[in-house]
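The values are calculated or read from the model by the stated rules, or taken from the named source; none is laboratory data. Here the structure is a predicted model, which means the values were calculated and not measured. Cβ coordinates were reconstructed from backbone atoms using ideal geometry, including for glycine residues, and neighbour counts include every protein chain displayed. Surface areas here come from the heavy atoms of the whole protein model, side chains and all, with no ligands, DNA or RNA. Shrake-Rupley method; radii C 1.70, N 1.55, O 1.52, S 1.80 Å.
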Amino acid sequence: MAAPPDMELSPTLSLELLPTDPLLLILSFLDYRDLVSCCYLNRRLNQLSSHDPLWKRHCKKYWLISEEEKSRRNQSWRAIFISTYSDLGRYIHYYATLKKAWDDLEQYLGQWCPRMISSLKESVREEDLDAVEAQIHCKLPDDYRCSFRIHNGQKLVVPGLMGSMALSNHYRSEDLLDIDTAAGGFQQRLGLKQCLPLTFCIHTGLSQYMALESVEGRNKYEIFYQCPEQMARNPSTIVMFITGTSYLEWFTSYVNKVVTGGYPIIRDQIFRYVHDKDCVATTEDITVSVSTSFLPELSSVHPPHYFFTYRIRIEMSKDALPENACQLESRYWRITNAKGDVEEVQGPGVVGEFPVISPGKVYEYTSCTTFTTTSGYMEGYYTFHCLYNKDRFFNVTIPRFHMVCPEFKVSTA
């Protein structure tokens, strides 16, 4: 007896019978690994996964390949992905982030610090990085290696790519070391065992180091400034002021600060003053803003001496009346440390000057302070007198600004 029509079995659904467009849409959601796996399942999926537009997204996501770059290379998206992967595949989770950081930095430097561009060095080869590992008998982290496949640091010049700092009698400018110079400074001495220098200041000898192993109280890949522990019995004992937890985090956070205007550009250099956007006060037509920086090379933990520098910007509104022009007469500071101890300072002018402020004019200066605690804050006011009314004096508020020492630890050497 024949089966009723509603009981007839449907033919088996075959992949070969499915229309192409829905399958391509499904494949477009796969990551590159799954797309590659599809090549080995059957002939149909092999053909579909080779569809060139599917690889466009992966080329842009992982290698930042633009349409212009594709046209220049005269290759398919799939061929570009495969050839790039064969060269940089081990860095696929870092490359796009670091390449964008370098591209953004170069674009910014081209606009604001053009002479620094010429100090950047071309990329290194994979075998060069392997040779350095063999030389120092230690593995380099992939994010560090990846960055040097894009740019091999910079030449030892001034100004340095990693920022400058200047006081009346102190100047620091840090270069990002190329791989050979860094390898030459690799440390195996007690206190800095298995530490690779990332930066170097020609004037002070200061470096930021990256720990390649978890030894002497450091975490693997931690980045830090090293300063002597002045009261330790062991001269190898150092204090480490932590500046990053990995190369990727350290470098990209610095670049982000630079390209978003977080650091001021002064005389074609990047100055590492941190500005709190809330640290601004306006009195009548005059606005005062403050940025600060911690200087590890002038600080110590034992005895406690934490050195900070601050940069003050005083600006009169361009819409102010000309008769509002005035001259700074004196300053008053109220300085409070983390214990609540208060020091008051009052005196004539600022850094030996008595600046005149008029509509649209800006006056900036740099000074410094120290705390016996790891943090503290300052606030106060300037007293001005009007140039067109000598009898009129008024106070201009200096906003409260905080200074905090970065996390630090003492080596267990």
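Close contacts from the stretch 269-294, counting a first residue that is on the phi > 0 side of the Ramachandran plot and a second that is of a type in the set (A, V, I, L, M, F, W, C) and buried (at least 19 other Cβ atoms within 10 Å of the Cβ), with Cβ to Cβ under 8 Å and a gap of 6+ residues or different chains, come to Glu284/Val396.
For every residue, the table says whether it meets (1) in the same structural domain as Gly349 (by the TED database); (2) closer than 18 Å to Ser358 by Cα; (3) at pLDDT 95 or above; (4) crowded, with 16+ Cβ neighbours inside 10 Å.
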{"position": "Phe371", "(1), (2), (3), (4)": "yes, no, yes, yes"}
{"position": "Thr374", "(1), (2), (3), (4)": "yes, no, yes, yes"}
{"position": "Gly380", "(1), (2), (3), (4)": "yes, no, yes, yes"}
{"position": "Lys390", "(1), (2), (3), (4)": "yes, yes, no, no"}
{"position": "Ala413", "(1), (2), (3), (4)": "no, no, no, yes"}
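Cβ-Cβ distances below 7 Å connect the following pairs, each with a first residue in the stretch 25-54 that is within 16 Å of Ile82 (Cβ to Cβ), a second residue that is open to solvent by 50 Å² or more (accessible area, probe 1.4 Å), and a separation of six or more residues or different chains: Cys39/Asn46; Ser50/Arg78; Asp52/Arg78.
Condition check: surrounded by 17 or more Cβ atoms within 10 Å (Cβ to Cβ) and at pLDDT 95 or above. Does Tyr310 satisfy that? Spelling it out, Tyr310 is indeed surrounded by 17 or more Cβ atoms within 10 Å (Cβ to Cβ) and at pLDDT 95 or above. If you go through the stretch 290-307 and keep only what is open to solvent by 20 Å² or more (accessible area, probe 1.4 Å) and within 19 Å of Tyr377 (Cβ to Cβ), you end up with Thr292, Phe294, Pro304, His305, Phe307.
Once the stretch 202-225 is narrowed to residues that are among the aliphatic types (A, V, I, L, M) and open to solvent by 10 Å² or more (accessible area, probe 1.4 Å), the residue that is nearest to Thr181 (Cα to Cα) is Ile202. The strands (runs of 3 or more DSSP E) found entirely in the stretch 272-373 that carry 1 or more residues being touching a Pro at 6+ places or on another chain (Cβ under 9 Å) are 274-283, 286-294, 306-316, 326-337, 362-371. Filter the stretch 16-61 for residues that are among the acidic types (Asp, Glu), touching a helix residue (DSSP H, G or I) at 6+ places or on another chain (Cβ under 7 Å) and not in a helix (DSSP H, G or I) and give the result. Hit for the stretch 16-61 is Asp52, nothing else.
Taken over the stretch 114-155, the criterion of being open to solvent by 60 Å² or more (accessible area, probe 1.4 Å) and among the aromatic types (Phe, Trp, Tyr) is satisfied by no residue.
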